[in-house]
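Nothing in this text is a laboratory measurement; each read-out follows from the coordinates by a stated rule. The structure displayed is predicted, hence computed values, not measured ones. Because the Cβ atoms are built from the backbone with ideal geometry, glycine has one as well, and the counts that use them run over all protein chains shown.
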Ligand code: NAD
Ligand code: NAI
Ligand code: ISE
C-alpha cells in the first residue's frame, strides 16, 4: 500500500521532507505540491524529479481525491487553516512546528480532532525521535540519576535572517525545547521568565540575542535555556539534567575525532537539516506507518497545544520582564 502525499509549502523543510519521502523512506509517494510561490513548487518538482501535480492552492490540494495525507510545511501563520481543512476532509496531516501560532488556534485543532473521533494529526517535534534524547529519557525513566532537579539547556543557531524577530526566539526556536522538555520530564510548566544578557554585535538591531528563558515546572524542576541564534560557530543543541544522584547530558552528534596540524578536534554541525537528519527520517516514516495502519501517533495536537501555551506565556514574559504563569485547559480523555 502506498500513501499518496501532498506537500503544502515547498521551502527549506518542505523540499527536504519531499526528498526523504522520495529517496530514503518507504511506503509514501509525493503526488501533489503547492506553494504560494508556484515557481518554487515547480522547481522542487523538477529538482527531485517528482511525478506530482502542482496545485494553485493548499485547499485544492487537500480536497484532491488522490491525496491520502498532507504535509504542512508552509510558514507558521498558515498552519492552522490547513490542518483544520485536512481534519475536515478526514485526511491524515503531518504539521511542521508550530501547530498554530497561538494556543487558541491549537485548541481549535484539538477540538476538531476530538470531534473527528480519531488521531489524524502528527506535529513535527522531531527531537522526540532523536536517539540522544531517547537515551536521556530512558535514563530519567529508569531513575538512573534520581529525581531531576535542574536542567541547563542551550539552543544555538549560527545566524538568522533579518526577518527573524525577538518573538521568534520563542515561537520558532525555543518551541522545540518547550515540547521536548515536558516529554523528557513527564511534567508540565508552571511559569516562564525571560532575561536578556548583553546583546551580541552580530545581530540585526531589531533582535534581542541572546536570551535566557527561565522555566519552572509543576513538579518544581528549574530550567535555564539559552537561546542564541547568531552564535556564529555552528548549530549546537545542549541539554543537561542534574538529578539527585548524578548528571545526564544529551550526547554530541557522532563525528570524527581529528589529530591534525598540532590540533585535536571534531567538527561542529552548522545546519539543523544535518543535526536532526535521522530524527526527521524516523518521524516521517512513523507518520507513513500511522497512515497505513490508521493509527497515527507521535507528538499529538495536544502536545502542539501544550507547547503553544508555554510559548504564549514566554512571549508575554519577554515583553513584561515578569514571571508569567502557564495556564493550560483540561486535557481531553481522547489524548490519554
Ligand atoms: P521556508 O520559508 O523555506 O519554506 C516555507 C514555504 O512555504 C515557502 O516556500 C513559502 O512560499 C511557502 N508558503 C508560505 N505560505 C504558504 C501557503 N499559504 N501555502 C503554500 N505555501 C506557502 O520555511 P522552512 O524553513 O521550510 O519552514 C517551514 C516550516 O517548517 C515552519 O513552520 C518551520 O517552523 C518548520 N521548520 C521546522 C524545522 C524542524 O526542525 N522541525 C526546521 C525548519 C523549519
Ligand atoms: P521556508 O520559508 O523555507 O518555507 C516556507 C514555504 O512556505 C515558502 O516556500 C513559502 O512560500 C511557503 N508558504 C508560505 N505560505 C504559504 C501558503 N499559504 N501556502 C503555501 N505555501 C506557503 O521555511 P522553512 O524553514 O521551510 O519552515 C517552514 C516550516 O517548517 C515552519 O513552520 C518552520 O517552523 C518549520 N521548520 C521546522 C524545522 C524543524 O526542525 N522541525 C526546521 C525548520 C523549519
Ligand atoms: C527553525 O525553524 C527550526 O525549527 C530549527 O530547528 C531551529 O533551530 C531554528 O531556530 C528555527 O528557525
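GNM remark for the chain: springs join alpha carbons under 10 Å apart, and the peak mean-square fluctuation among 263, 137, 198 falls on 263. Classification of the range 100-154 by its C-alpha gyration tensor yields a prolate form. The axis ratio a/c (a ≥ b ≥ c) is 1.5 or more, and a/b outweighs b/c.
Taking each DSSP H run with n ≥ 4 as -39500 (n - 2.57) and averaging over every residue of the chain yields -10500 deg cm²/dmol at 222 nm. Note on the chain: Rg/Rh from Cα positions, Kirkwood definition for Rh, rounded to two decimals, is 0.97.
Kindly work out what percent of the DSSP beta bridges joining two residues of the chain are antiparallel, to the nearest 5. Around 50 percent antiparallel, to the nearest 5. Neighbour counts of other Cβ atoms within 10 Å put 255, 313, 279 in the fewest-to-most order 255, 279, 313. Fewest-first ordering of 276, 287 by other beta carbons within 10 Å of each residue's beta carbon gives 276, 287.
Among 166, 295, sorting on how many other beta-carbon atoms sit within 10 Å of each Cβ, with the fewest leading, yields 295, 166. Quote the FRET efficiency, to the nearest 0.05, computed for residue 150 versus residue 204 with a Förster distance R0 of 25 Å and r equal to the Cβ-Cβ distance. It comes to 0.15. Based on the convex hull around the alpha carbon atoms, the range 143-240 presents an average projected area of 6.4 nm². Axis of helix 79-88 versus longest Cα principal axis of the chain: the two differ by about 50°, to the nearest ten degrees. Relative to the dominant Cα principal axis of the chain, helix 277-293 is inclined by about 40°.
In the chain, the longest principal axis of the Cα atoms and the axis of helix 301-320 are about 50 degrees apart.
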